[in-house]
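The values are calculated or read from the model by the stated rules, or taken from the named source; none is laboratory data. Just so we're clear, the structure is a prediction, and the values are computed from it rather than from any experiment. As a convention, Cβ positions derive from the backbone with ideal geometry for all residues, glycine included, and neighbour counts pool all protein chains shown. In case anyone asks, the SASA skips ligands and DNA or RNA and just uses the protein heavy atoms, side chains included. Shrake-Rupley method; radii C 1.70, N 1.55, O 1.52, S 1.80 Å.
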Amino acid sequence: MKTSMRTLLLTASCLMLAGQALADEPRRPECIAPAAPGGGFDLTCKLAQSALVESKLLKSPMRVTYMPGGVGAVAYNAVVAQRPSEAGTITAFSSGSLLNLAQGKFGRFDENAVKWLAGVGTSYGALAVRKDSPFKTLDDLVKALKENPGKVVIGSGGTVGSQDWMQTALIARAAGIDPRELRYVAMEGGGELATALLGGHIQVASTDISDSVPHIESGDMRILAVFSEERLPGANVAEIPTAKEQGYDVVWPVIRGFYVGPKVSDEAYTWWKNSFDQLLASEDFAKLRESRELYPFAMTGDELDAYVKKQVAQYKELAQEFGLIQQ
């Protein structure tokens, strides 16, 4: 009887300690944006930074740090190889990260190297020009590309095979243009793309809509097409035509979310997952996400892990179609 009581007390104590471990927020919380400030990764981290404090899930703001390089490759390798067990560190990813993983651009690490945590929203790809551009419609751009594909300078986040490259390659293919003849300038993230476009260093930016909204609001930038199924809601974007309605059947959602290192403890991972589950069920978070020009997408834990693995497999097939990787 004494043994049974002692066992019960020990079990209860363990459960209390486990509960406390799950309840404690991570120390020194940090979000790594794997690009220069001003782009989609920055936006994703700052969305989480604001939401976690406003919802009181974190007592003090999570700091945002920048680790540009390889459109996510440098950060991915750093987290996996050098910071695999940091419980307080989450890193932003996008569909572009998954596309690069599918092509082996993250080096020796693949999609199984991290713990996928939460998908918190989606944007959509877009083609942007300056307000004074001679290209008024997507057809105008396609016509110029058909006449001389090397004359139009297109900026994209990343090199050939990146997400931004893929968007224009799909448009080119739909128009009967060889994507390999297009003239690209590779850049690191949406902030650098916008600077180059507005400075006149490139003529077209292959970007995404959430990165572009501040420049649309200022009147400095015009969007030729957004790669969504239908027109997006919102005062700043409702008038932007889709590629589909202009006769080009190209849709490119840009999922945004977070992962943690492969050796982060189950307790810490569960704390982050539960926190994002609470956020994603909250109307306040939905409003905050909308203010960042992101649209609903909510997955965490095992569901997100399965989604990521499926997307990577599909991107491998697409990359093979364009001759980017061998079958």
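Things to note:
- Check on Val213, assigned by the TED database to the domain that holds Leu99 and outside any strand (DSSP E or B): no
- Residues in region 305-327 that are part of a helix (DSSP H, G or I) and over 23 Å from Asn274 (Cα atoms): 12 in all.
- Once region 1-52 is narrowed to residues that are open to solvent by 60 Å² or more (accessible area, probe 1.4 Å) and part of a loop (DSSP other than H, G, I, E, B), the residue that is modelled with the highest pLDDT is Arg28.
- Residue pairs meeting the criteria (Cβ under 9 Å; at least 6 apart or on separate chains; first open to solvent by 40 Å² or more (accessible area, probe 1.4 Å), in region 70-81; second among the acidic types (Asp, Glu)): Gly70/Glu188
- Residue satisfying all of: in region 53-69; open to solvent by 40 Å² or more (accessible area, probe 1.4 Å) and more than 16 Å from Gly40 (Cα to Cα); modelled with the lowest pLDDT among these: Ser60
- Of residues in region 287-313 being open to solvent by 80 Å² or more (accessible area, probe 1.4 Å) and in contact (Cβ under 8 Å) with a residue 12 or more places away in the chain, the one farthest from Ile216 (Cα to Cα): Pro296
- The residue that is farthest from Pro179 (Cα to Cα), counting only those in region 117-135 that are assigned to a loop (DSSP other than H, G, I, E, B) and in contact (Cβ under 8 Å) with a residue 24 or more places away in the chain, is Lys131.
- Residue count for region 82-97, restricted to those that are in contact with a Gly (Cβ under 9 Å, 6 or more places away or on another chain), open to solvent by less than 10 Å² (accessible area, probe 1.4 Å) and aliphatic (A, V, I, L, M): 1
- Residue in region 238-246 that is under 17 Å from the mean Cα position of the chain (by Cα), over 20 Å from Leu43 (Cα atoms) and among the β-branched types (Val, Ile, Thr) present: no
- Qualifying residue in region 247-257 (condition: part of a strand (DSSP E or B), farther than 30 Å from Arg27 by Cβ, of a type outside the set (Phe, Trp, Tyr) and open to solvent by less than 10 Å² (accessible area, probe 1.4 Å)): yes
- Asp302 meets all of the listed conditions (1) out of contact with any Pro (no Cβ under 9 Å at 6 or more places or on another chain); (2) among the charged types (D, E, K, R); (3) assigned to a loop (DSSP other than H, G, I, E, B) but one, namely (3).
- For the condition closer than 13 Å to Thr207 by Cβ and of a type outside the set (Phe, Trp, Tyr), Gly176 does not qualify.
- Selection within region 272-299 - closer than 18 Å to Glu25 by Cα and either part of a strand (DSSP E or B) or of a type in the set (D, E, K, R) (or both): Lys273, Asp277
- The lone exception for Phe276 - which of (1) open to solvent by less than 60 Å² (accessible area, probe 1.4 Å); (2) free of Cβ contacts under 8 Å to residues at least 24 places away in the same chain it fails: (2)
- Checklist (1) surrounded by 15 or more Cβ atoms within 10 Å (Cβ to Cβ); (2) farther than 30 Å from Pro214 by Cβ; (3) touching a Ser or Thr at 6+ places or on another chain (Cβ under 6 Å) applied to Lys263, failing item: (1)
- Any hit, region 226-239, residues being at pLDDT below 95 and open to solvent by less than 20 Å² (accessible area, probe 1.4 Å): yes
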